[in-house]
Amino acid sequence: MELNDISGMLSSDLIEWRHQLHAHPEIAYEEEWTSDFVATKLSAWGIDVTRRIAGTGLVGSLRSGASMRAIGIRADMDALPMREAGLISYRSLSADRMHACGHDGHTAMLLGAAEYLARTRNFDGIIHFIFQPAEEGRGGARKMIEEGLFSRFRCDAVFGMHNDPLLPIGTISLKAGVVSAASTRFWIYIKGHGAHASQPHEAIDPVYIGSQIVVSLQSAISRRLDPNESGVVSVSQFHAGTTGNVLPSDATLNGTIRALSNPIHAKLKSWVADIAQGVAMAHGGNATVEFIGDVPATINADGPTREFANSAIQVLGKENVRSDLPTAMTAEDFAEFAAQVPSSFAWIGQGRASLQNVPLHHPEYDFNDSLLPIGAALWIRLAEESLKFRGETGCK
């Protein structure tokens with residue numbers, strides 16, 4: 001299966017699908033239109049569809065030959081709660097929803113691969129096309145697993161990829177080991193005692209306490225974390241008070257913890273709680289800490305990563321398959337799949353001159369349509385290579 005083949009056969013459909021998906025963005029667990037769109041396509045191609053996994057999630061299952069070897073290929077479907085600033089003709093029809101991370105492109109690429117594989121069936125085994133809801137911080141992968149994803153759809157390996165606007169189109173970043181960070185959102189609720197701003201001695205000032213907590217969290221990274229380890233604690237929000245002449249009685253901090261190993265991630269969580277509570281207590285206040293949305297580090301297994309890399313070399317050429325790029329400190333919900341089944345996750349380049357300076361989650365972001373046939377071709381080649389006819393049956 002050559003890239004030119006998929007480009008000629010599917011390019012126009014892929015672009016049309018992607019533009020429809022882009023115009024109908026839906027956030028976590030609200031992906032009803034998207035789920036219907038995907039299910040209708042898969043069913044029309046003779047693929048068995050199972051819906052309502054984690055609400056709006058679905059799996060399309062395709063069998064060919066006699067082997068029981070099974071792989072999963074995942075695409076995320078959700079958009080972000082933000083307003084689109086670009087002026088493209090297919091821009092979001094929702095005032096406060098936007099596909100700013102390219103999940104519309106991921107969905108279209110997997111649909112293209114599904115159509116081609118359903119037509120050709122040049123493989124021996126089972127492919128589960130996994131369309132996941134709620135990747136953007138709402139735990140869609142974990143919910144699919146909790147609702148029996150891998151007990152209902154057994155997979156010997158699972159694969160995923162995400163576009164990267166900073167990588168040139170036609171390249172892919174892929175390696176075994178850790179490929180994205182563990183992450184957690186945190187909220188620190190500080191309780192003090194309010195007073196008039198002219199009488200700070202009558203108050204237990206939560207703004208001052210919160211400021212000391214922020215400074216202490218940053219010093220913990222620089223002074224308590226081994227320099228050979230990678231970790232980030234970022235306080236991104238500080239809310240307190242309603243007027244300028246009153247010291248409030250409470251304040252809230254919000255942020256994220258990230259680390260390239262799960263043990264360091266757990267250690268940072270413990271530090272955040274200890275520091276927040278200790279600093280607040282030292283100044284006469286109180287702090288409670290809430291952690292939400294744990295995502296483990298994404299760890300690629302050796303075997304599936306070799307399979308993915310070999311297929312990528314066949315489609316893109318050896319010089320365009322990179323294994324030397326730094327590990328991303330961003331988190332990826334695919335990590336939940338990788339913690340259950342041997343898996344491999346890649347970053348695929350979509351950079352072009354007009355997009356190089358528009359990152360993911362930017363109001364002017366748009367997926368590069370030139371990547372669509374490349375991504376579909378990668379999935380097709382990977383499925384055909386991973387499920388080659390070997391003249392034998394049973395799991396391998």
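Read-outs throughout are calculated quantities, based only on the coordinates presented, and are distinct from any laboratory measurement. Not measured: the values here are computed from a predicted model. With ideal geometry, Cβ positions are generated from the backbone for all residues, glycine too; neighbour counts draw on all protein chains shown.
Spin-label model, Ser151/Ala66: points 7 Å from Cα along the beta carbon direction are separated by 3.2 nm.
The mean sequence separation of alpha-carbon pairs under 8 Å and at least six residues apart, normalised by the residue count of segment 42-180, gives a relative contact order of 35 percent. For the chain, the longest principal axis of the alpha carbon atoms and the long axis of helix 302-316 meet at an angle near 60°. Of the residues Val215, Val279, the one with the fewest other Cβ atoms within 10 Å heads the list, and the complete ranking is Val215, Val279. Once the Cβ-Cβ distance of Gln20 and Asp302 is raised to the sixth power relative to R0 = 41 Å, the FRET efficiency obtained is 0.60.
Would you mind checking the tilt of helix 103-120 against the longest principal axis of the Cα atoms of the chain, expressed as 0 to 90 degrees and rounded to 10? For helix 103-120, the angle is close to 20 degrees. Site-free segments of the chain were taken between GluC sites (Glu not before Pro) in DSSP loops having at most 16 other Cβ atoms within 10 Å, sites themselves excluded; the longest one is 3-146. Neighbour counts of C-beta atoms inside 10 Å place Val179, Val235, Val59 in the sequence Val235, Val59, Val179, starting with the fewest.
With contacts taken as Cα pairs under 8 Å and at least 6 residues apart, segment 182-295 reaches a relative contact order of 44 percent.
Counting every other Cβ atom within 10 Å of each residue's Cβ, Thr171, Thr242 order from fewest to most as Thr242, Thr171. Under Stokes-Einstein, with the Kirkwood radius over Cα pairs as Rh, the value for segment 1-146 at 37 °C and 0.692 mPa s is 209 µm²/s. Placing R0 at 41 angstrom, the Cβ-Cβ distance between Met281 and Leu166 gives a FRET efficiency of 0.40 after rounding to 0.05. Structural size metrics of the chain, computed from C-alpha coordinates, are Rg and Dmax of 23.4, 84 Å. For segment 156-205, take the alpha-carbon Rg, divide it by the Kirkwood Rh, and send me Rg/Rh. Dividing the radius of gyration by the Kirkwood radius yields 1.44. In plain terms, the chain from Ser323 to Asp36 could stretch by 99.6 nm, reckoned as 0.36 nm per residue minus the Cα-Cα distance. Only DSSP H runs of four or more residues enter the estimate; each adds -39500 (n - 2.57), and after division by the residues of the chain the mean residue ellipticity at 222 nm equals -11000 deg cm²/dmol.
Placing a pseudo-label 7 Å from each Cα along the Cα-to-Cβ vector at Ala197 and Gln218 gives an inter-label distance of 2.3 nm. Entry note, the chain: relative contact order of 25 percent, from Cα contacts under 8 Å with a spacing of 6+ residues.
Quantify how much of the Cα-Cα distance distribution of segment 182-295 extends past 17 Å, in percent. Cα-Cα pairs of segment 182-295 separated by over 17 Å account for 53 percent.
Full extension of the chain between Ser270 and His239 yields a length gain of 8.9 nm, computed as 0.36 nm times the residue separation minus the alpha carbon distance. Rg and Dmax of segment 55-106, based on Cα coordinates, read 16.5, 50 Å. By the equivalent-ellipsoid construction on the alpha carbon gyration tensor, segment 274-381 comes out with semi-axes of 38, 21, 12 Å, ordered largest to smallest.
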